[in-house]
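The values are calculated or read from the model by the stated rules, or taken from the named source; none is laboratory data. Remember, predicted model here, so these are calculated numbers, not experimental data. Note: ideal-geometry Cβ built from the backbone for every residue, glycine included; neighbour counts use all protein chains shown. For accessibility, only protein heavy atoms count, side chains too; no ligands or nucleic acids. Shrake-Rupley method; radii C 1.70, N 1.55, O 1.52, S 1.80 Å.
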Amino acid sequence: RGEELQKAVEILLESDNNALRIVLIISATIVAPLVEEIIFRGYLYAVIKRYSGCVFAAITTSLLFAVVHGNLPGMLPLFILALILTLAYELTGCLWVPIVAHSLFNLFNISQMYLIQNG
């Protein structure tokens, strides 16, 4: 997944095809956060928490979230992000909170990449 992500970022930043850019931005800011939060916080966290408690479930699912993204330099920040998203879910009981936070995080990162690249 890491190589696919890196390729998608490369295409997003270098493509002159605006339609492709829009699809990639929508995928990164809407589709991926929605799917990932349903899987990691909505399903895996809930199942693991039921059998082991919230601390173990939060650490386990956050580590898995970081590993699945396949970005070694980003592993610690992704782990911390996942812990924060899990805490937001635990505190609110609403899956939409980490979905929106995840979406905003991805949008912020895409914006920063564009700013860095285009000055």
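Which condition number does Ile116 fail, the rest of (1) open to solvent by less than 80 Å² (accessible area, probe 1.4 Å); (2) in a helix (DSSP H, G or I); (3) not aromatic (Phe, Trp, Tyr) being met?
All conditions pass for Ile116, except number (1).
Look at region 90-119 and say how many of its residues are touching a residue at least 60 places away in the same chain (Cβ under 8 Å) and more than 20 Å from Leu78 (Cα to Cα).
Qualifying residue count, region 90-119: 2.
Just to be sure I understand the filter: pairs with C-beta atoms under 7 Å, separated by 6 or more residues or on different chains, first member in region 34-55 and within 16 Å of His69 (Cβ to Cβ) and without any contact (Cβ under 8 Å) to a residue 60 or more places away in the chain, second member part of a helix (DSSP H, G or I) and among the aromatic types (Phe, Trp, Tyr). Which pairs pass?
Once the first residue is within 16 Å of His69 (Cβ to Cβ) and without any contact (Cβ under 8 Å) to a residue 60 or more places away in the chain and sits in region 34-55, its partners that are part of a helix (DSSP H, G or I) and among the aromatic types (Phe, Trp, Tyr) give Phe40/Phe65; Arg41/Tyr89.
For residues in region 51-66 being open to solvent by 50 Å² or more (accessible area, probe 1.4 Å) and either farther than 23 Å from Lys7 by Cβ or not hydrophobic (A, V, I, L, M, F, W, C) (or both), which is nearest to the chain's Cα centre (by Cα)? Don't jump to the end; show me each part of the working.
Start the filter on region 51-66 by keeping residues that are open to solvent by 50 Å² or more (accessible area, probe 1.4 Å), which leaves 51-52, 54-56, 59, 63-64.
From the residues that got through so far, the ones that are either farther than 23 Å from Lys7 by Cβ or not hydrophobic (A, V, I, L, M, F, W, C) (or both) too are 51-52, 54-56, 59, 63.
Details: Tyr51: 25, Ser52: 24, Cys54: 20, Val55: 20, Phe56: 20, Ile59: 16, Leu63: 12 Å.
Here the residue is Leu63.
Can you tell me how many residues within region 77-100 are among the small types (Gly, Ala, Ser) and either surrounded by fewer than 18 Cβ atoms within 10 Å (Cβ to Cβ) or at positive phi (or both)?
To start, the set of residues in region 77-100 that are among the small types (Gly, Ala, Ser) comprises 82, 88, 93.
Okay, now just the ones that are also either surrounded by fewer than 18 Cβ atoms within 10 Å (Cβ to Cβ) or at positive phi (or both), so 93.
Residues that pass the stated criteria total 1.
Any chance region 85-95 includes a residue that's in a helix (DSSP H, G or I), in contact with a Pro (Cβ under 6 Å, 6 or more places away or on another chain) and hydroxyl-bearing (Ser, Thr, Tyr)? Steps first, answer last, please.
So in region 85-95, the residues in a helix (DSSP H, G or I) come out as 85-92.
After this cut, where a residue has to be in contact with a Pro (Cβ under 6 Å, 6 or more places away or on another chain) as well, the list is 85, 88-89.
With the extra rule that they be hydroxyl-bearing (Ser, Thr, Tyr), the set shrinks to 89.
Yes, region 85-95 has at least one match.
Taking region 3-50 as the search range and keeping residues that are over 16 Å from the mean Cα position of the chain (by Cα) and closer than 16 Å to Ala88 by Cβ, which one is surrounded by the fewest Cβ atoms within 10 Å (Cβ to Cβ)? Walk me through how you get there before you give the answer.
From region 3-50, those over 16 Å from the mean Cα position of the chain (by Cα) are 7, 10-23, 46-50; that's our starting set.
Applying the additional criterion that residues be closer than 16 Å to Ala88 by Cβ yields 46, 49.
Details: Ala46: 13, Lys49: 18.
Ranking the candidates gives Ala46 first.
Just wondering, is there one or more residues in region 67-76 that are in a helix (DSSP H, G or I), in contact with a Leu (Cβ under 9 Å, 6 or more places away or on another chain) and surrounded by 18 or more Cβ atoms within 10 Å (Cβ to Cβ)?
No, because not a single residue in region 67-76 is in a helix (DSSP H, G or I), in contact with a Leu (Cβ under 9 Å, 6 or more places away or on another chain) and surrounded by 18 or more Cβ atoms within 10 Å (Cβ to Cβ).
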